[in-house]
1. Could you look through segment 63-108, keep only residues that are in contact with a Lys or Arg (Cβ under 8 Å, 6 or more places away or on another chain) and among the acidic types (Asp, Glu), and pick out the one that is nearest to Thr206 (Cα to Cα)?
2. Are any residues in segment 222-263 among the aromatic types (Phe, Trp, Tyr), at pLDDT below 95 and surrounded by 14 or more Cβ atoms within 10 Å (Cβ to Cβ), and if so, which ones?
3. Within segment 74-114, which residues are more than 14 Å from Leu54 (Cβ to Cβ) and free of Cβ contacts under 8 Å to residues at least 12 places away in the same chain?
4. Among the residues of segment 93-102, which ones are surrounded by fewer than 13 Cβ atoms within 10 Å (Cβ to Cβ) and out of contact with any helix residue (DSSP H, G or I) (no Cβ under 9 Å at 6 or more places or on another chain)?
5. Go through segment 103-128 and report how many residues are more than 27 Å from Asp75 (Cβ to Cβ) and not small (Gly, Ala, Ser).
6. Looking at segment 180-214 only, could you name the residues that are aromatic (Phe, Trp, Tyr) and in a loop (DSSP other than H, G, I, E, B)?
Amino acid sequence: MKCHICKGKGSIELKHHNLKICEECFLIFFKKKVEKTIKKLKLFERDERLLLALSGGKDSMGLWHILSELNYNVDGLHIDMGFGELSVKTKEKIEELSKILNKKLYIINLKEEIGYDLKELSKFTKRVPCSLCGLVKRYFMNEIALKENYSAIITGHNLDDEATTLLKNVLRWELAYLGRQTPLLEKMDGFVKKVKPYIFCYEKETLLYAIISKIPYSKDSCPYSLNSKNKNLKMAFHILEHTSPGIKLNFMKLFLKNRDFFVPFRERELKDLVKRCIYCGYPTDREICALCTILERSKNEISTGK
């Protein structure tokens, strides 16, 4: 197999791009792809202060490396959910990359912040861990970004993640969620801008970049990922991609091209966010935000012995 770029020996085939490429050319190709996405979608400028949410996996760790290589001013934030030895090992990988890149790193320990780890919070509230995890992460990402004056929160969601979420929302006709799904969620009162530079990058590409670049990252999966509702949809989409290379990318690009149709449904939802939580000040549609409501409920259950 010959590399289509340098004409040397190729070792990687990207069917969705109809491209055969060597490892060295792939690294250049992938960095350009990410930078092109940033510029085309106007996600952020080079002089902005950026905060990247780090799970410790290949996507967020690879993205931190790429953005640093491209000379963007990006620091990291990791939220320790309390997964025991898994969390310890993950934190070690993140701290290692932080030192390599010479970038600032914030670490939030959920147990220290709210008195419960994710498992305990799920038990007390009787809510599924994945729902609580998203709620907690969104809250603390926004809180740290506002407190430390970052202009944008970056996440490492790749094309496979986003296309799967999009398919789920289409199948369930979640109109407000469709209006919310975008690689650029602009800032608004109380919320920092959120961006996804990997929106057009396949999981295969993000994995290859992390491996070839020898980036330290956690290879362990979240203990709750096996029960994720998105898993079957992701597998189904993988089969479609195998028979029709590029279908995920086309699905996402065509959606973004026509996303304006769903925006009004999102705007209706935003009109309700006119209050501030009486406890923490977080934007909400009621007196007490979702996280503070959960914490209050948990405290009540403890005090009553339930």
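The values are calculated or read from the model by the stated rules, or taken from the named source; none is laboratory data. Computed from a predicted model, the values in this text were never measured in an experiment. Using ideal geometry, Cβ is built from the backbone for each residue, glycine included, and neighbour counts are taken over all protein chains shown.
1. Selected residue: Glu69.
2. Correct list: Tyr224, Phe237, Phe262.
3. Hits for segment 74-114 are Gly84, Glu85, Val88, Asn102, Glu112.
4. The answer is Lys99, and nothing else.
5. Final tally of qualifying residues: 8.
6. If the condition is that a residue be aromatic (Phe, Trp, Tyr) and in a loop (DSSP other than H, G, I, E, B), then Tyr198, Phe200, Tyr202 are the ones that fit.
The rows are residues; the columns are (1) over 29 Å from Asp260 (Cβ atoms); (2) touching an Asp or Glu at 6+ places or on another chain (Cβ under 9 Å); (3) in a helix (DSSP H, G or I).
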site	(1), (2), (3)
Glu120	yes, no, yes
Lys123	yes, no, yes
Asn142	no, no, yes
Leu146	no, no, yes
Gly156	no, yes, no
Lys168	no, yes, yes
